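Written out below as structure tokens is the structure these notes cover.
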Amino acid sequence: MSTLEYHVLLALSSGPLHGYAVKDAVAADSGGSQTPRAGTLYRVVARLITAGLVRETEPADGRPPHPGLERRYYALTVAGRRALADEAERLKATAAIAAKRLGALRTRS
Amino acid sequence: MTRILACCLWLFPAAFRRRFGRELLVQARRDGRRARRRGRAAAAWCGVMSAIDLLRAGLLERWRPTWHEPAVFSSSEGPRMRDTLEQWGRDFRHAARSLRRSPGFAAVTVITLALAIGANAAIFSVVDAVLIRPLPYGHADRLLFLTATAPESDLPREFGLFDEGFVHYRERSRLVEDLAFYNAYTGTLRVGDRVERVRMSSPTYTLFSTLGATPLLGRLPVAEDESRVAVISHTLWQTWFAGDPGVIGRTYQMDGDPRTIIGVMGPQFRFPTDRTLLWLPDALRAADVRAEVGVGIPAVARMAAGAAPDDVARELTGLSRDLPDRFGGSAPYARLIDRMKIVARPLADEMLGSSARPLGVLFGAAAIVLVIACANVANLLIVRGEGRHREMAVRQAIGARRGQLVRAQLTEVLWLAAGAAVAAMGLARLALPLFLRLAPEVPRLEDARVGAWTLLFTAALALVSALACGLPPALRSAGPSVTSLRDGSRGSTGRRRWVRDLLVAAQTALALVLLIGAGLLLRSHARLSHVEPGYSTRDLFTFQIAPEQAWLKDGPSFARFSLDFMDRLRALPGVESVGLIENVPLDEGTASVRIRTEEMPLDGGVRVGITYAGADYYRTMGIRVLAGRPFTREDAVSALGNVVVSRSAAKRLWPDGNAVGRKLQVGRLKTWETVVGVVEDVIQIDFRQPAQALVYLPMTGQSPDQWALTSPAYVVKTARAETIAPDIRSLVREVAPEAPMYRAYTMSFLAARSMRDLSFTTLTLSMVSLLALILGVVGLYGALSYVVAERTREIGVRMALGARPERVRRMIVVQGGQVVLAGIAAGLIAAFFSTRALGRLLFGVESLDVTTFAATSAAMLLTGLLASYLPARRASSVDPIVSLRSE
């Protein structure tokens, strides 16, 4: 899973979002390190939909879309939620290893 | 800027663009707007970066796609589809479920299509075997059938080639690679104790090389074999010799002479007819031929590659001019040769051409039935599509594209067509043997199989019909926009009704065309069975024997044998009278020779059929004696030179009347025969042809050593015609154990056989048009029933407001009647142009027979009104309260 994929899943974990909100959430969650432009972002979204991790959905608050401004909302599937959890677990584990090694290095110096 | 970005979108694959294109643009524009707040340069920079991003992503997407078009239902069920195949698979599963929920609809459509496709498949398997498959010879397209024609002569319109031509053309022609003469007759085959009369041919030895055939076993004849060898057919080899390869080299009596078997042909080689069992090749040498106006023999030729039949005909006609110089011959011969033209046409046309029309008519009729069936199914699908109008609108509203909706509906029809194809193959398998049993003798018919080609044809037909009847309704019902959801109605129908009406009218028109065709054939059939043949066909049994006994050596001895034999026959229980004839009507044609009367010039004369008759032939056959007397026993045994002529022969030879007592000369004979009687004309071979002029010679022939009637046909008048064969067979075994009885028929069988061509076409076309009529009526009934169901509310209101039931009934019937009338009008126009396809199948009926056209139209209208009346009655019994509540 690429970093951007992880961040898109992460962005959707709080609830369904439309495309632009995904972009903003990714930027916020990553502290500005991930600012995908449209083409890149939607290829990731497409890949995640194809893989069954993300699905298109109704907006969470049940508000009907504005006429004229068609917005599509995306949400995590069950598989997506599990994939995100697994990845987070993996990142946590690797982060812990990193922290341990970095810590060990620090104490040694 | 937006426009540039939009252009960048075209780098993406269409599927991706369709799904995300708009969002991509919205987002890129929004990025741009945000950047503008930070100044112009930032906005420009952002635009460039967005464009680069889109270009990069578009190319990447093409190189390594992330997006696949989901199936129709995937948007809600989760995108698991890998490719289009899986989407189709999903649609198919869904369609199967949806069909299982409406088994009635599925059954009706499958049966309708199966009947129509099955009929087509069965007829196709026959057409394929008989007409489409090339003749089983090498380069069959280069084989020609040759005859000659000599306008203004008294020879038949087309006659065979002369022996001297065989020698001459083979030596001189550049365009003809090889040439063979052939004939077909019945001869005696004797193998050990088994003696039978079988169909055989005595071709020139070149027949096999001309056709390009190779033997399965042994070798082919060459000129040096002269008349000592025989080639046998695969059938004979299997049935008489149990497929024993040791048969090569054995010698048997064949057609009276010992012949050594040198070859066995493969099962495909059947020439000139399917029933020919063996070939007794002859060498025809220049020294053997005499230049004379003979009977002429049919010929096949293999033309050089690249030649055309017309060129060959022209070359041979030119070469023929040299015949009198090279071979001599009389002045009339030279005159004939001078006028003679060679006719060359493809052998396939000659062998199969006569079957082409009946089969073509049937194939056309089956195709029409298929069109009717498709119209029927299309109508049902439209109705079903309207029932699912809302479902389609909902699916479209949740994002299904039109193509997906069309595909979803098409899969349903494809299921139905697949089911129909399977059922059709079964039907064709069942129908084909029945078809073959009824069919007249058609070359290669027995090769017809429901095989791989039929399967392919059926599959193709099913696919085409599925698209034909499924695509238009699918396109229509995938059309409605989301707005139609707003009114809670069951769907608009007024706009579509004309399509259904059109389909019903078309069905009616096509069914009417078939009915008219069948009607014309039925009338021809009736006319033909009422033709007066000049003889009775009831209570008559006929058979032939060909005795071979040492004392039978000339005309009088054969005549004595026949007279004694007939005395024995007459003594059999139940036999009224017995006669003898050389060529039984309806079984064999007669030879024709030049007949000259005393009044005609020396080299004059007219060509008239001749045959030999004896004993009580005329009384037995019920042929009236118009003047003079029939033959007596004295005429039979001694050459008194008496003959009997038929009415038209008398009229042709002595136009002034009164033939009895006049004299005539037969062929090249110098003796004069006296006419002792005139009898009624008989139809010799074909009920369609007028009776031919015929001269009956006495059974001894014109002089004792000139002619012997070696294998006459006997006719027996008896009420036991159907059952007398075994009695006669045992009598024959007693009288002539060496001579098997053959060509044993009742006359009524021969009469039926002579009409089999027409009977077969009539029967099958009648069945096919009945099918068409039923399908048409079902279509009309279905369409009107739906109209009634749809208008239940309106009818309820009308009746609540006081409309009388008769009025409602009339309204519906009139609506149906209008459609049927339009169909009948169109059908009459179509029939006007298409009935001439029946051509020579018709007899005594014009192809535009007013009675048939009127009667079938009336029948069609009546059936149509009846089909409308039933739904109308249902409409008028509508309870206003119930109907108003039904919404």
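The values are calculated or read from the model by the stated rules, or taken from the named source; none is laboratory data. Keep in mind that what you see is a predicted model, and the values were worked out from it rather than measured. Glycine gets a Cβ as well: all are built from the backbone with ideal geometry, and neighbour counts include every protein chain shown.
What the table shows:
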quantity: Residue satisfying condition, being of a type outside the set (A, V, I, L, M), in a helix (DSSP H, G or I) and either touching a helix residue (DSSP H, G or I) at 6+ places or on another chain (Cβ under 9 Å) or over 23 Å from B:Ala505 (Cα atoms) (or both), within set B:Gly844, B:Gly796, B:Gly802; calculated: B:Gly796
quantity: Subset of region A:36-51 [farther than 16 Å from B:Ala15 by Cβ and facing chain B (nearest Cβ under 7 Å)]; calculated: A:Arg37, A:Ala38, A:Thr40
quantity: Of all residues making up region B:246-261, the number that are touching a residue at least 12 places away in the same chain (Cβ under 8 Å) and either over 16 Å from B:Val191 (Cβ atoms) or of a type in the set (S, T, N, Q) (or both); calculated: 2
quantity: Only listed residue being among the acidic types (Asp, Glu), over 45 Å from the mean Cα position of the chain (by Cα) and not in a strand (DSSP E or B), chosen from B:Asp656, B:Asp686; calculated: B:Asp656
quantity: Top-ranked residue in region B:744-767 [being over 19 Å from B:Phe687 (Cα atoms) and in the same structural domain as B:Leu514 (by TED's automatic domain parsing); ranked as surrounded by the fewest Cβ atoms within 10 Å (Cβ to Cβ)]; calculated: B:Met767
quantity: Test: residue in region B:348-358 that is closer than 30 Å to B:Ser785 by Cβ, under 19 Å from the mean Cα position of the chain (by Cα) and either surrounded by fewer than 20 Cβ atoms within 10 Å (Cβ to Cβ) or without any contact (Cβ under 8 Å) to a residue 40 or more places away in the chain (or both); calculated: no
quantity: Filter result (assigned to a loop (DSSP other than H, G, I, E, B) and under 9 Å from the mean Cα position of the chain (by Cα)) within region A:1-46; calculated: A:Ser13
quantity: Of all residues making up region B:251-278, the number that are over 18 Å from B:Pro443 (Cα atoms) and either surrounded by 14 or more Cβ atoms within 10 Å (Cβ to Cβ) or in the same structural domain as B:Asp447 (by TED's automatic domain parsing) (or both); calculated: 10
quantity: For B:Ala650: the one exception among (1) hydrophobic (A, V, I, L, M, F, W, C); (2) buried (at least 20 other Cβ atoms within 10 Å of the Cβ); (3) out of contact with any strand residue (DSSP E or B) (no Cβ under 7 Å at 6 or more places or on another chain); calculated: (3)
quantity: Lone unmet requirement of (1) without any contact (Cβ under 8 Å) to a residue 12 or more places away in the chain; (2) loosely packed, with under 14 Cβ neighbours inside 10 Å for B:Thr2; calculated: (1)
quantity: Residue within region B:687-699 that is touching an Asp or Glu at 6+ places or on another chain (Cβ under 9 Å) and basic (Lys, Arg) present; calculated: no
quantity: Breaking point among (1) in a helix (DSSP H, G or I); (2) surrounded by fewer than 19 Cβ atoms within 10 Å (Cβ to Cβ), for B:Pro737; calculated: (1)
quantity: Search result, residues across region B:836-887 that are polar (S, T, N, Q), closer than 27 Å to B:Gln818 by Cα and either modelled with pLDDT under 85 or surrounded by 17 or more Cβ atoms within 10 Å (Cβ to Cβ) (or both); calculated: B:Thr852, B:Thr856, B:Ser857, B:Thr863, B:Ser868, B:Ser876, B:Ser877, B:Ser883
quantity: Those helices (runs of 4 or more DSSP H) lying entirely in region B:1-107 with at least 3 residues touching a helix residue (DSSP H, G or I) at 6+ places or on another chain (Cβ under 7 Å), at pLDDT below 85 and away from chain A (no Cβ under 13 Å); calculated: B:84-101
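Quick grid of which residues meet (1) under 30 Å from B:Ile545 (Cα atoms); (2) of a type in the set (Gly, Ala, Ser); (3) not assigned by TED's automatic domain parsing to the domain that holds B:Arg335:
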position: B:Ser98; (1), (2), (3): no, yes, yes
position: B:Thr112; (1), (2), (3): no, no, yes
position: B:Leu146; (1), (2), (3): no, no, yes
position: B:Ala180; (1), (2), (3): no, yes, no
position: B:Asn183; (1), (2), (3): yes, no, no
